[in-house]
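As C-alpha coordinates, the structure follows; a few thoughts come after it.
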Amino acid sequence: AGKSDRYTYDKILIEDVLFDVDSVLSLLSSGYDKKFLNGDYSQIANSFKSLGNYQIENFTLIDNGIKTFSVDLAQLEDLNFDYFGNSGDIKVPISFNLNIEGSDFNSSELDKSFGNMVSNVGYNSIKFDFGTKWEWNTNKNNILLNLNLGVTDAASIDLSSNFTDFNTDFLKLKGAPLTTYLLTNPKLKNFSLSLKDDSLKDKLITAAAQEANMTTDQYR
(Lines give C-alpha, C1' and ligand atoms only; values in the text may rest on other atoms or scores of the structure.)
Protein backbone atom coordinates (compact mmCIF):
# COMPACT_ATOMS: atom_id res chain seq x y z
CA ALA A 1 0.00 0.00 0.00
CA GLY A 2 1.09 3.59 -0.58
CA LYS A 3 -0.03 6.92 0.82
CA SER A 4 0.80 10.61 0.56
CA ASP A 5 -1.04 13.92 0.92
CA ARG A 6 -2.03 13.72 -2.76
CA TYR A 7 -2.91 10.06 -3.32
CA THR A 8 -3.39 6.61 -1.81
CA TYR A 9 -3.42 3.12 -3.29
CA ASP A 10 -3.60 -0.46 -2.05
CA LYS A 11 -1.39 -2.24 -4.56
CA ILE A 12 0.80 -1.69 -7.61
CA LEU A 13 1.92 -4.66 -9.70
CA ILE A 14 4.42 -4.56 -12.60
CA GLU A 15 5.33 -7.75 -14.46
CA ASP A 16 7.45 -8.76 -17.47
CA VAL A 17 8.91 -5.44 -18.61
CA LEU A 18 11.31 -5.39 -21.57
CA PHE A 19 13.25 -2.26 -22.47
CA ASP A 20 14.48 -1.04 -25.83
CA VAL A 21 18.25 -0.80 -25.29
CA ASP A 22 18.83 1.72 -28.10
CA SER A 23 16.03 3.96 -26.85
CA VAL A 24 17.34 3.80 -23.28
CA LEU A 25 20.88 4.77 -24.35
CA SER A 26 19.46 7.62 -26.43
CA LEU A 27 17.33 8.69 -23.47
CA LEU A 28 20.28 8.80 -21.07
CA SER A 29 22.20 11.15 -23.36
CA SER A 30 19.32 13.46 -24.27
CA GLY A 31 18.73 15.56 -21.17
CA TYR A 32 15.55 13.63 -20.42
CA ASP A 33 15.56 14.74 -16.78
CA LYS A 34 14.68 18.34 -17.69
CA LYS A 35 11.89 17.30 -20.06
CA PHE A 36 10.60 14.82 -17.51
CA LEU A 37 10.36 17.49 -14.82
CA ASN A 38 8.45 19.68 -17.28
CA GLY A 39 5.87 16.93 -17.79
CA ASP A 40 7.13 15.39 -21.04
CA TYR A 41 7.05 11.61 -20.54
CA SER A 42 7.22 10.61 -24.22
CA GLN A 43 10.90 9.68 -24.13
CA ILE A 44 10.32 7.51 -21.06
CA ALA A 45 7.47 5.71 -22.86
CA ASN A 46 9.67 5.12 -25.90
CA SER A 47 12.09 3.16 -23.73
CA PHE A 48 9.60 0.29 -23.35
CA LYS A 49 9.53 -2.58 -25.83
CA SER A 50 6.86 -4.63 -24.10
CA LEU A 51 4.95 -4.81 -20.84
CA GLY A 52 3.29 -7.97 -19.59
CA ASN A 53 1.13 -6.44 -16.88
CA TYR A 54 0.77 -3.19 -14.94
CA GLN A 55 -2.07 -2.66 -12.49
CA ILE A 56 -2.97 -0.42 -9.61
CA GLU A 57 -5.77 -1.16 -7.17
CA ASN A 58 -7.97 1.23 -5.18
CA PHE A 59 -6.17 4.40 -6.25
CA THR A 60 -7.49 7.69 -4.84
CA LEU A 61 -6.43 11.20 -5.84
CA ILE A 62 -6.70 13.86 -3.13
CA ASP A 63 -6.76 17.65 -3.51
CA ASN A 64 -6.74 19.84 -0.40
CA GLY A 65 -7.90 16.91 1.69
CA ILE A 66 -10.85 16.11 -0.62
CA LYS A 67 -11.10 12.96 -2.71
CA THR A 68 -11.41 14.15 -6.32
CA PHE A 69 -10.93 10.89 -8.21
CA SER A 70 -10.70 7.19 -7.47
CA VAL A 71 -10.53 3.95 -9.39
CA ASP A 72 -11.04 0.39 -8.16
CA LEU A 73 -8.67 -1.11 -10.74
CA ALA A 74 -6.58 0.22 -13.62
CA GLN A 75 -4.74 -2.39 -15.66
CA LEU A 76 -2.59 -2.34 -18.80
CA GLU A 77 -1.41 -5.70 -20.12
CA ASP A 78 0.08 -7.38 -23.19
CA LEU A 79 1.56 -4.09 -24.44
CA ASN A 80 3.92 -4.75 -27.35
CA PHE A 81 5.69 -2.41 -29.77
CA ASP A 82 7.22 -2.99 -33.18
CA TYR A 83 9.19 -0.88 -35.66
CA PHE A 84 8.25 0.03 -39.22
CA GLY A 85 9.21 2.47 -41.97
CA ASN A 86 12.11 2.39 -44.39
CA SER A 87 14.68 2.80 -41.62
CA GLY A 88 12.69 1.16 -38.84
CA ASP A 89 12.19 4.48 -37.06
CA ILE A 90 8.38 4.35 -36.71
CA LYS A 91 7.46 2.73 -33.39
CA VAL A 92 3.83 1.76 -32.85
CA PRO A 93 1.93 -0.49 -30.43
CA ILE A 94 0.81 -3.70 -32.10
CA SER A 95 -1.17 -4.99 -29.12
CA PHE A 96 -2.47 -3.96 -25.71
CA ASN A 97 -5.37 -4.49 -23.31
CA LEU A 98 -6.52 -1.60 -21.13
CA ASN A 99 -9.08 -2.12 -18.38
CA ILE A 100 -10.43 0.47 -15.94
CA GLU A 101 -13.00 -0.57 -13.36
CA GLY A 102 -14.96 1.65 -10.99
CA SER A 103 -13.60 5.08 -11.87
CA ASP A 104 -15.31 7.78 -9.77
CA PHE A 105 -14.83 11.49 -10.37
CA ASN A 106 -16.58 12.31 -7.08
CA SER A 107 -19.23 14.24 -8.99
CA SER A 108 -21.87 13.37 -6.39
CA GLU A 109 -19.96 15.34 -3.75
CA LEU A 110 -18.92 18.19 -6.03
CA ASP A 111 -22.43 18.64 -7.46
CA LYS A 112 -25.14 18.09 -4.83
CA SER A 113 -27.97 18.10 -7.37
CA PHE A 114 -26.27 15.32 -9.32
CA GLY A 115 -25.71 13.44 -6.07
CA ASN A 116 -29.41 13.72 -5.23
CA MET A 117 -30.38 12.48 -8.70
CA VAL A 118 -28.08 9.45 -8.35
CA SER A 119 -29.58 8.69 -4.95
CA ASN A 120 -33.14 9.05 -6.27
CA VAL A 121 -32.41 6.59 -9.08
CA GLY A 122 -31.22 4.11 -6.47
CA TYR A 123 -27.42 4.15 -6.57
CA ASN A 124 -25.03 5.11 -3.80
CA SER A 125 -22.67 6.52 -6.42
CA ILE A 126 -22.03 6.41 -10.15
CA LYS A 127 -18.80 4.75 -11.25
CA PHE A 128 -17.64 4.21 -14.80
CA ASP A 129 -15.85 1.30 -16.49
CA PHE A 130 -13.75 1.36 -19.64
CA GLY A 131 -11.95 -1.34 -21.56
CA THR A 132 -10.21 -1.58 -24.90
CA LYS A 133 -8.30 -4.27 -26.75
CA TRP A 134 -6.05 -3.60 -29.76
CA GLU A 135 -4.32 -6.25 -31.86
CA TRP A 136 -2.57 -5.57 -35.15
CA ASN A 137 -1.43 -8.67 -37.03
CA THR A 138 1.05 -7.03 -39.40
CA ASN A 139 1.64 -10.28 -41.27
CA LYS A 140 -2.04 -10.59 -42.23
CA ASN A 141 -2.70 -6.79 -42.23
CA ASN A 142 -5.54 -7.34 -39.81
CA ILE A 143 -6.62 -5.04 -36.97
CA LEU A 144 -8.88 -6.04 -34.09
CA LEU A 145 -10.35 -3.27 -31.94
CA ASN A 146 -12.75 -3.89 -29.06
CA LEU A 147 -14.24 -1.23 -26.78
CA ASN A 148 -16.33 -1.49 -23.63
CA LEU A 149 -18.03 1.48 -21.98
CA GLY A 150 -20.16 1.11 -18.92
CA VAL A 151 -21.59 2.26 -15.63
CA THR A 152 -20.44 -0.07 -12.85
CA ASP A 153 -23.15 -2.58 -11.87
CA ALA A 154 -25.66 -0.75 -14.08
CA ALA A 155 -25.13 -1.13 -17.83
CA SER A 156 -22.43 -1.49 -20.47
CA ILE A 157 -21.93 -1.18 -24.22
CA ASP A 158 -19.59 -3.55 -26.06
CA LEU A 159 -18.18 -2.79 -29.49
CA SER A 160 -16.13 -5.29 -31.47
CA SER A 161 -14.58 -4.55 -34.86
CA ASN A 162 -12.20 -6.26 -37.25
CA PHE A 163 -10.46 -4.47 -40.16
CA THR A 164 -8.47 -6.07 -42.99
CA ASP A 165 -5.98 -4.74 -45.56
CA PHE A 166 -4.25 -2.45 -43.07
CA ASN A 167 -0.76 -2.52 -44.58
CA THR A 168 2.01 -0.96 -42.48
CA ASP A 169 2.99 1.23 -45.46
CA PHE A 170 0.25 3.67 -44.43
CA LEU A 171 2.43 4.71 -41.47
CA LYS A 172 4.65 6.62 -43.89
CA LEU A 173 1.75 8.54 -45.42
CA LYS A 174 0.58 12.04 -44.47
CA GLY A 175 -2.08 14.50 -45.55
CA ALA A 176 -4.14 13.70 -48.65
CA PRO A 177 -2.41 10.36 -49.47
CA LEU A 178 -3.17 9.12 -45.95
CA THR A 179 -6.81 10.20 -46.24
CA THR A 180 -7.12 8.48 -49.61
CA TYR A 181 -5.61 5.28 -48.23
CA LEU A 182 -7.93 5.18 -45.20
CA LEU A 183 -10.99 5.78 -47.40
CA THR A 184 -10.14 3.15 -50.01
CA ASN A 185 -7.91 0.36 -48.69
CA PRO A 186 -9.05 -0.88 -45.25
CA LYS A 187 -12.17 -3.03 -45.19
CA LEU A 188 -14.51 -3.71 -42.28
CA LYS A 189 -14.64 -7.48 -41.86
CA ASN A 190 -16.74 -7.76 -38.70
CA PHE A 191 -18.61 -5.29 -36.51
CA SER A 192 -20.88 -5.88 -33.55
CA LEU A 193 -22.47 -3.65 -30.94
CA SER A 194 -24.30 -4.94 -27.87
CA LEU A 195 -25.91 -3.46 -24.77
CA LYS A 196 -26.00 -5.21 -21.42
CA ASP A 197 -28.42 -3.83 -18.84
CA ASP A 198 -27.65 -5.00 -15.28
CA SER A 199 -30.05 -2.71 -13.42
CA LEU A 200 -30.16 0.74 -15.03
CA LYS A 201 -33.43 0.47 -16.97
CA ASP A 202 -35.51 -0.80 -14.04
CA LYS A 203 -34.07 1.76 -11.65
CA LEU A 204 -34.75 4.60 -14.08
CA ILE A 205 -38.35 3.44 -14.57
CA THR A 206 -38.89 3.14 -10.80
CA ALA A 207 -37.48 6.62 -10.16
CA ALA A 208 -39.53 8.17 -12.99
CA ALA A 209 -42.69 6.44 -11.76
CA GLN A 210 -42.19 7.80 -8.24
CA GLU A 211 -41.60 11.28 -9.67
CA ALA A 212 -44.88 10.99 -11.60
CA ASN A 213 -46.69 9.56 -8.58
CA MET A 214 -47.48 6.37 -10.47
CA THR A 215 -46.80 2.67 -10.05
CA THR A 216 -44.10 1.17 -12.22
CA ASP A 217 -46.70 -0.80 -14.18
CA GLN A 218 -48.68 2.36 -14.84
CA TYR A 219 -45.57 4.20 -15.93
CA ARG A 220 -44.52 1.38 -18.27
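Under the condition of being modelled with pLDDT of 90 or more and surrounded by 14 or more Cβ atoms within 10 Å (Cβ to Cβ), the residues counted in the range 186-206 number 1. Among all residues of the range 1-11, there is none that is under 20 Å from the mean Cα position of the chain (by Cα), surrounded by 12 or more Cβ atoms within 10 Å (Cβ to Cβ), acidic (Asp, Glu) and at pLDDT 95 or above.
Here the range 154-165 is the region considered, the condition is being within 25 Å of ASP78 (Cα to Cα) and within 23 Å of the chain's Cα centre (by Cα), and the residue that is most open to solvent (accessible area, probe 1.4 Å) is ILE157. The set of residues from the range 69-89 being on the phi < 0 side of the Ramachandran plot and open to solvent by 40 Å² or more (accessible area, probe 1.4 Å) comprises PHE69, ASP72, LEU76, GLU77, ASN80, PHE81, ASP82, TYR83, ASN86, SER87, ASP89. All conditions in (1) at pLDDT below 90; (2) more than 23 Å from ILE126 (Cα to Cα); (3) surrounded by 11 or more Cβ atoms within 10 Å (Cβ to Cβ) hold for TYR181, with the sole exception of (1).
The rows are residues; the columns are (1) modelled with pLDDT under 95; (2) over 21 Å from VAL92 (Cα atoms); (3) open to solvent by 40 Å² or more (accessible area, probe 1.4 Å).
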position	(1), (2), (3)
SER113	yes, yes, yes
PHE128	yes, yes, yes
LYS140	yes, no, yes
ILE143	no, no, no
LEU147	no, no, yes
THR152	yes, yes, no
THR168	yes, no, no
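Screening the candidates ILE94, ILE62, ILE100 for the property of being within 20 Å of SER156 (Cβ to Cβ), modelled with pLDDT of 85 or more and crowded, with 16+ Cβ neighbours inside 10 Å yields one hit, ILE100.
The values are calculated or read from the model by the stated rules, or taken from the named source; none is laboratory data. Bear in mind the structure is a predicted one, so any value in this text is a computation, not a measurement. Methodologically, a virtual Cβ is constructed for each residue, glycine included, from the backbone with ideal geometry; neighbour enumeration extends over all protein chains shown. Just the protein is used for accessible areas: all its heavy atoms, side chains included, with ligands, DNA and RNA removed. Shrake-Rupley method; radii C 1.70, N 1.55, O 1.52, S 1.80 Å.
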